[in-house]
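These notes are about the structure you will find just below.
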Amino acid sequence: MERYGYVINGGTPLKGEVVISGAKNAAVAMIPAALLVDGVCRIENMPHISDTDMLLTIVSELGAKVRFVNRSTVDIDCTHVSFRDTPFDLMRKIRASYYLIGAMLGRFGVSKTTMPGGCNFGERPIDQHIKGMEALGADVSIQHGFVYASARDGKMHGSKVYLDKVSVGATINIILAAVLASGRTIIENAAREPHIVDLANFLNSMGADVRGAGTDTIKIYGVEKLHGGTYAVIPDQIEAGTYMVAAAATGGEVLIKNVIPKHLECISDKLRETGTIVQKYEDAVLVKGASNLHKTNVKTMPYPGFPTDMQPQMAVLLTMASGTSVITEGIYDNRFKYAQELLKMGADIHVEGKVCIISGVKTLTGAPVMACDLRAGAAMVIAGLCAEGETVIEDVHYIERGYEDFVGKLKRLGADISAVWFPDRDDAPARITIAG
Ligand code: EPU
């Protein structure tokens, strides 16, 4: 089987401008949310990534009419969807397929889905999702890898749910199940991430009544039906943060456009601690790399804390900062798998449980490495951009789940990066570069 990867020749500071795409983790909630809408949802600023492609295919297979109006605007018409099994092979591949549970319960009072896929950071249970669905009147069971859920009397009913753990996915799933339920639902200890606010705004623009998104108490007053409308997804906080770190790590100067600077505050503050200059504009940030990076410590936390999805990228930057930095992972059990790849590039990095200790080195050196997951893959790209010589990254399909046109955007910033196929046959050329 042919292998697909990126080849990077490092050492060029990134320079220029980059435009950020729509937020993955908002878009992957809005596509299933369209199932609740009676009419056409026009979603603008939809990122072109494989996770959204898969979800659009999933809702199409449930009977939705999906039509791209242009590259980043899609119409989803769920008027004539009816209950049927979800395409399990696709559902298993992505995390956000769990939103089909809430959306289908809301629309049909019943759902059958697979356990979700997604990046492997250790155990990722869905017990809080199930707790929420049960509180709203569904019976839920997991058997043979499938999640079966059905509303006890055919319809969901508003209720109070306290989340034992702050969970983005459970907060969104309960909102989806509650929007068309009878009565009022209250979610306490809700997650506060920007994409939760965005989903609530999306639903409210189509006639829902969701209040308090962005705080830890969300109230959803059930409505009879939702109507079609047009909504633009917010810019991706993590894509923007990734380019910010790439600019800082390569010692470059990049204007990152189409962002909400408020969502980038904790990333900007951390970068400033390393000596990086970050200037804020109305809908852009300018990042100027420092000639000498300083150490800093990072602890990941739910929003507005430092995002776990920026932890691997930040770790790469700190491998080149003078002194010893400590990263503490506060969300997942096992999100440091990429450390073994950075060791191959000469980093001084050591993991103990949920803590990673990094002593800065002068330079990284290019090496063949793997993208262990989506953000770890982006981190390896940043490492490759900084390293002396050539870095070859395999398993980059993980990266393409969440970064639109990563190679193209980096090339336009001056990076020497190409997407290539590595044929396995002995008589074939060593690499085939993919045009574009
Ligand atoms: N958790 C439970 N039980 C649950 C749900 C979560 O114990 O029922 C735990 C998880 O194991 C984890 C913590 O709670 O330790 C937080 O998990 P959360 O539910 O918030 O994460 P998620 O919904 O599975 C989303 C994003 C992730 C991002 C996290 C945290 C999507 C599709 N995924 O995952 O995004 O890391 O929130 O912000 O929105 C990424 O984009 O690279 C990515 C992994």
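Restricting attention to region 75-110, the residues that are buried (at least 24 other Cβ atoms within 10 Å of the Cβ), away from the ligand (no atom under 16 Å from the Cβ) and among the small types (Gly, Ala, Ser) add up to 1.
Screening region 35-102 for strands (runs of 3 or more DSSP E) wholly inside it with 1 or more residues that are on the phi > 0 side of the Ramachandran plot and without any contact (Cβ under 8 Å) to a residue 60 or more places away in the chain returns no ranges.
I need the full set of residues from region 179-214 which are of a type outside the set (D, E, K, R), within 16 Å of the ligand (Cβ to nearest atom) and assigned to a strand (DSSP E or B), in order please. Within region 179-214, ILE187, ALA213 meet the criteria. Just one residue in the set LEU271, LEU255 is part of a strand (DSSP E or B) and modelled with pLDDT of 95 or more; that residue is LEU255. On the basis of being touching an Asp or Glu at 6+ places or on another chain (Cβ under 6 Å), open to solvent by 40 Å² or more (accessible area, probe 1.4 Å) and either β-branched (Val, Ile, Thr) or over 20 Å from ALA27 (Cβ atoms) (or both), does VAL168 make the cut? It is true that VAL168 is touching an Asp or Glu at 6+ places or on another chain (Cβ under 6 Å), open to solvent by 40 Å² or more (accessible area, probe 1.4 Å) and either β-branched (Val, Ile, Thr) or over 20 Å from ALA27 (Cβ atoms) (or both).
Being within 13 Å of the ligand (Cβ to nearest atom), open to solvent by less than 10 Å² (accessible area, probe 1.4 Å) and over 26 Å from ALA419 (Cβ atoms): is that true of MET30 here? Yes: the conditions hold for MET30. Examine region 14-27 for a residue that is modelled with pLDDT of 95 or more, open to solvent by 10 Å² or more (accessible area, probe 1.4 Å) and part of a helix (DSSP H, G or I), and state whether such a residue exists. Looking through region 14-27, at least one residue is modelled with pLDDT of 95 or more, open to solvent by 10 Å² or more (accessible area, probe 1.4 Å) and part of a helix (DSSP H, G or I).
Just one of the numbered conditions (1) out of contact with any Gly (no Cβ under 8 Å at 6 or more places or on another chain); (2) in a helix (DSSP H, G or I); (3) within 19 Å of ILE94 (Cα to Cα) is not true of TYR148: (2).
The values are calculated or read from the model by the stated rules, or taken from the named source; none is laboratory data. All of these numbers come straight from a predicted model, not from anything done at the bench. With ideal geometry, Cβ positions are generated from the backbone for all residues, glycine too; neighbour counts draw on all protein chains shown. In case anyone asks, the SASA skips ligands and DNA or RNA and just uses the protein heavy atoms, side chains included. Shrake-Rupley method; radii C 1.70, N 1.55, O 1.52, S 1.80 Å.
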